Structure formats: structure tokens, C-alpha cells
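Encoded as C-alpha cells, the structure appears first; notes follow it.
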């Protein structure tokens with residue numbers, strides 16, 4: 001393996017064209033874009049021309065090109081078949097979440113990649129946000145004490161669009177919960193550890209497409225902490241501040257705008273140096289808190305470089321397949337909870 005991984009992109013329109021190619025693969029020090037493929041041949045040709053890559057019209061053409069790894073950004077219902085095909089061709093795969101539509105599909109994808117001895121990664125790029133990493137270090141160092149409660153929010157305005165696969169559960173696996181809530185749940189598990197049980201509510205409150213436009217999930221962690229995730233396709237973009245709140249027995253970390261596709265937001269920690277006695281008046285001091293503002297990093301670049309380096313060094317990637325499997329288990333439990341109207345334990 002050379003010091004640069006040769007990449008192909010399957011599904012070159014959408015997030016690949018907007019973010020992962022220009023912000024991730026192109027500037028990555030250890031990556032090189034070789035081939036792109038998309039069902040929309042016009043868009044694919046434009047992407048190929050813009051980024052000086054070879055345009056192909058099929059996955060077979062993509063896999064026969066001189067590549068080491070494939071980034072998959074197609075509709076979720078295609079992930080399982082495509083990942084397995086890439087594995088059989090001995091290509092490493094970084095796949096957008098969800099890895100599959102079901103737990104069974106995800107397990108099949110993982111098994112195929114392990115049999116072929118290729119790496120499978122889950123594209124949870126928000127883990128690479130430098131503020132999220134700084135918050136994680138503080139939590140692991142015990143700065144907020146014992147984790148107690150968290151909230152993660154990610155919403156946008158996503159009106160009905162003809163052919164939009166995220167608005168069709170058969171193609172996307174669900175709506176706002178699986179698409180955006182999946183990121184929130186993964187982040188909270190990074191901070192507080194694995195979820196053991198969930199309660200969830202989903203609705204089609206404003207938009208009348210097949211998948212849900214509204215979702216709120218309540219999470220119980222093995223650590224004893226609890227959390228809520230709220231994610232909507234029917235709230236105007238500027239009305240949702242994509243908050244992240246992490247509370248513990250010794251303080252909190254509060255953020256706006258770190259969840260999302262941008263490089264940085266606003267994050268402040270409010271910490272207590274030592275335990276205090278009960279205060280009957282419960283007065284709140286107007287303290288400024290500690291601003292958490294490490295050097296911003298582009299999440300897409302960091303994600304591609306991390307996965308590429310794992311390939312080069314023949315080691316397990318940070319954004320690995322087990323993250324995708326755990327995400328699928330929690331999301332499946334959330335949808336089951338919403339359907340049955342009761343608390344659901346996560347199956348180990």
C-alpha cells in the first residue's frame with residue numbers, strides 16, 4: 001500500500017458532490033480520487049470533470065478501475081448489495097449511514113467485509129468535530145462528574161420533493177429519525193457509552209410523505225445516564241439551533257451549532273471544582289463559563305484521512321463497522337417503540 005489510498009465514489013451526487021469529495025477526498029493528504037459513478041450520468045460527468053476523475057456508468061466499471069476503497073453515498077436501500085459487491089471485489093468501503101435498512105442487512109455487510117478481509121467504515125463524520133472531541137476528553141477526564149443527562153437536536157426544513165429517497169421509508173429506512181437522529185444518537189453514545197433501552201415517538205406532523213417528519217427519542221444508557229434526541233424535517237432551518245447539552249454531577253457542556261455539517265459552533269462548559277451543600281434558594285450565577293474552541297477541523301477531511309490511514313496501516317478504523325451495527329440496533333428499537341408505544345430494550 002502506498003501513502004495514498006485510491007478512492008472511488010458510488011453515488012457522486014448529493015452529499016458526495018457537496019461535501020465529501022471537495023472537502024474530504026480532494027484535500028486529504030493520504031487520499032486520491034480516481035473514479036466516480038452515479039445513476040444520474042449528467043451529474044456524474046459534471047463531478048468527474050470538476051474533480052478530474054474518471055466517470056463510469058456502473059458499479060462493475062467502478063470496481064474494475066484502479067482503486068483501493070469505495071465511498072458509498074447512495075440511497076440506504078442499496079447499501080447492503082453494494083457493500084457486499086465491493087467486498088467481493090476486495091475493496092475497502094466507507095459507507096454512509098445507515099449501513100443497511102435492517103440489523104440483519106448490517107450484519108451481512110459486516111460478515112462479507114470480514115470474510116474478504118477488507119475494512120468497512122460508517123460515515124459518522126460528526127465524531128471528528130474538534131469541539132466534540134474536546135468535550136469527549138473533558139468527560140473522560142471526569143470534568144463534568146458522573147454523566148446524568150444529555151440532549152441532542154438536529155432539524156431542518158425538508159418539504160416534499162419528488163423522488164427524494166429520504167422521504168420514502170422503503171428507500172431510506174425512515175425519515176428524520178434515521179437520517180438525522182442517527183447522528184445525534186451516535187454522538188451521545190460516543191460521550192456517554194452504549195444505550196440499553198429507548199422510548200420513542202414519531203409523527204408525520206406537517207409533511208405528508210411516507211417517512212416521518214418528526215421524532216423524539218428518549219435514551220437510557222448502560223452508565224445510568226438518560227437523554228433525549230429531537231429531530232424534525234418540518235422546522236425551519238434558522239429556527240432550530242442544533243443544540244447539544246451534556247450534564248453531569250459536577251457541571252455541564254452546552255453547545256449550539258456543533259451538530260451539523262459545519263466545522264464549528266459555540267460550546268461552553270460550566271464546571272464546579274468541588275461538591276456544594278444544598279442551596280434552598282437555588283440561585284443561578286451569571287458566570288461566563290469556559291469557552292471550548294479548539295482549532296476547527298473539516299469533519300469530512302478528518303473522516304477520509306482517518307479511514308485512509310487505517311487502510312495504509314492495516315488497522316481497525318475509528319469510524320468502524322460496529323458503530324454502524326450499534327446505530328442500527330438503537331434505531332430499530334426506536335421504531336419498534338414508536339410502533340408499539342412502549343419502552344424497548346436494546347438487543348445485544
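Please check: in the Gaussian network model of the chain (C-alpha springs, under 10 Å), which one of 258, 102, 41 has the largest mean-square fluctuation. Top of the fluctuation ranking is 41.
Only one item in [x] 1.14; [y] 0.98; [z] 0.96 matches Rg/Rh (Cα atoms, Kirkwood Rh) derived from the coordinates shown, and that item is [y].
Given their separation in residues at 0.36 nm each and the Cα-Cα distance between them, residue 196 and residue 237 gain 11.6 nm when the chain is fully extended.
Each label was represented as a point 7 Å from its Cα along the Cα-to-Cβ direction; for residue 245 and residue 32 these points are 5.0 nm apart.
Once the C-beta distance of residue 347 and residue 316 is scaled by a Förster radius of 22 Å, the resulting FRET efficiency is 0.40 to the nearest 0.05. Our estimate of slack between residue 270 and residue 340, defined as 0.36 nm per intervening residue step minus the Cα-Cα distance, is 21.3 nm. The Cα center of segment 290-306 and the Cα center of segment 56-105 differ in position by 26 Å.
Between residue 111 and residue 204, full extension at 0.36 nm per residue minus the direct alpha carbon distance yields a gain of 30.0 nm.
Between residue 103 and residue 288, what is the FRET efficiency for a Förster distance of 45 Å, r being their Cβ-Cβ separation, to the nearest 0.05?
With a Förster radius of 45 Å, E is 0.50.
For segment 191-246, what does the relative contact order come out to in percent, with C-alpha contacts under 8 Å and a separation of six or more? Please report the intermediate quantities before stating the final value.
Working: 82 pairs, mean separation 17.0, N = 56.
Over segment 191-246, the number comes to 30 percent.
Where only DSSP H runs of four or more residues are counted, the chain gives -8500 deg cm²/dmol as its mean residue ellipticity at 222 nm, each run worth -39500 (n - 2.57).
Taking every Cα-Cα distance in segment 287-336 and sorting them into 5 Å bins starting at zero, the pair-distance distribution P(r) comes out as 4, 16, 14, 14, 14, 14, 13, 8, 3, 0 percent.
Throughout, read-outs are computed from the coordinates displayed, never taken from laboratory work. Since the structure is predicted, the reported quantities are computational estimates derived from the model, not experimental observations. We place every Cβ from the backbone using ideal geometry, glycine too, and count neighbours over all the protein chains shown.
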